[in-house]
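So the structure is just underneath, and the comments pick up after that.
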Amino acid sequence: MNKRNQTISRRKLLKGMGIGAGALALAACAVPQATQAPAAPASGEPTAAPAPTTAPASSGPVEVIYWGFSGGLGKVEEQLINMWNEKQSEVKVTPQVQGNYEETAQKLTAALAAQQGPDMVLLSDVWWFKFYRAKALMPLNDLLKEQQIDTTDFVESLWNEGVRKGVQYWIPFARSTPIFYYNADMLEAAGLPVRGPETWDEMREWAPKLVKKEGDTMKVAAFAHPGAASYVAWLFQCVIRQFGGRYSDQDFNIKLTEPDSIRAGQFYQDTVNKEGWAIASKDVTKDFVTGLAATAMLSTAALAGVLREAQFKVGTAFLPKERFFNCCTGGAGLAILATTPMEKARAAMKYIDYATGNEGGAFWPQNTGYMPVRKSTAKSESYQKFFEQVPQARTAVEQLPLTEPQDAARVFIPGGDQIIGKGLERILISNEPVEQVFAEVKATLEQEAEPVKRDLAALG
């Protein structure tokens, strides 16, 4: 094997992360050789994982350093990891908290450039692809086969997002979709059907009955929009498609200035600035659970927290439709770094099998709100009992077959989510003209897409 193909170029790594020359000058001179890591050949077909040729396996458990969740989700994940560590003695997973998705990805970039880093990492939907472009992720096909993991049991729409040219690089774990949350008590008090609106036009009809004001002060909004930091671009991605528009196609042709895309943006702006029944919120989840907003689109991952904090009956429903129904996937998955020694990579895959399987893969979503990523888990007797106890959790699983993969402009263009999100803030908060803002966002996305196109062409 060519030594150059076994080594992650520091310059290519930082370039793939979208980091400029200034940051490059601050990093170390090289990243370590990817010891025993199988590499995908130009054809895209996985190679057989070579047998370890370095030091013999230790007599104790193989330790896998893992960078995962922080906060409340991190506490649940720590329980999951403890369950794994206590049930067997071959593999010990050691979690290390780095922060949120963005902070973890930034620290991982720096760690790899400094010849450090974990063995396994949690990467969000908008970050894993950047590390793939930098050739920092290990191809997983052979490890999956060696562990005898039935990949057909994974939900296809979730599994396929981590595949490039037939090779798996990213395993679905903490996967989510947006769902529609509603305050059932408020709907009932307003004399409205106690369910989610079937269409956005129906929501417009309901909204005046839900809004409560004291003078010019909004006491209860019918709906709340998040800001860029809370991933408004993820949620609006569904709405723009419901209106017949798109951010882009898979070839990175930006579609934001097409008529249906503009129409969707104008709808969002009007809900706040013209019709006045929605608010631009700094914390949508908080505003919903405290009763400031009667409805909201939130991630399925928010469900456990919402049910715990809300002092009212919470309902969940499919997203409203306009011309079409649309819902996208989201969340995070697990990856093994290309620098991970093969002994540790095999150990990491054993944990991944557990964390996504019918034991760990049921504990995790039932205690967070994420979705089960394997079909057999959702069909299991224990999960059916869970649905009886928490019927709101059924919505995401039933909506899942109708979901679409995410838009290329949001997840594949570096910073695409925030570029779009900041544009949406301009139309929601600053009330700037939609056509002007979307034209400027389009130009920025087109510029940022060029290195992605070049890298993908070079990868073959």
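The set of residues in the range 396-410 being surrounded by fewer than 24 Cβ atoms within 10 Å (Cβ to Cβ) and within 18 Å of the chain's Cα centre (by Cα) consists of 397, 399, 400, 401, 402, 403, 404, 405, 406, 408. When the range 321-359 is filtered for residues that are in a loop (DSSP other than H, G, I, E, B) and hydrophobic (A, V, I, L, M, F, W, C), the ones remaining, listed by number, are 324, 325, 327, 338. Residues being at pLDDT below 95 and either more than 30 Å from residue 354 (Cβ to Cβ) or not small (Gly, Ala, Ser) (or both) are represented in the range 148-157 by at least one member.
When the test is whether a residue is among the hydroxyl-bearing types (Ser, Thr, Tyr), outside any loop (DSSP other than H, G, I, E, B) and surrounded by fewer than 22 Cβ atoms within 10 Å (Cβ to Cβ), residue 271 does not pass it. Residues in the range 84-106 that are touching a Gly at 6+ places or on another chain (Cβ under 7 Å) and in a helix (DSSP H, G or I): 1 in all.
A quick yes/no check of all residues on (1) modelled with pLDDT under 95; (2) touching a strand residue (DSSP E or B) at 6+ places or on another chain (Cβ under 6 Å); (3) outside the structural domain of residue 214 (by TED's automatic domain parsing); (4) not hydrophobic (A, V, I, L, M, F, W, C):
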site	(1), (2), (3), (4)
251	yes, no, no, yes
257	no, no, no, yes
260	no, no, no, yes
264	no, no, no, no
267	no, no, no, no
270	no, no, no, yes
289	no, no, no, no
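In a residue-by-residue description of the range 405-426, the property of being out of contact with any helix residue (DSSP H, G or I) (no Cβ under 7 Å at 6 or more places or on another chain) and within 29 Å of residue 306 (Cβ to Cβ) applies to no position. Identify, please: which residue in the range 231-266 is among the basic types (Lys, Arg) and under 19 Å from the mean Cα position of the chain (by Cα) and is, among those, nearest to residue 302 (Cα to Cα)? If we take residues in the range 231-266 being among the basic types (Lys, Arg) and under 19 Å from the mean Cα position of the chain (by Cα), then 241 is nearest to residue 302 (Cα to Cα).
The values are calculated or read from the model by the stated rules, or taken from the named source; none is laboratory data. This structure is a prediction, so every number in the text was calculated from the model and none was measured. A quick note on method: Cβ atoms are made from the backbone with ideal geometry, for glycine too, and the neighbour counts reach across all protein chains shown.
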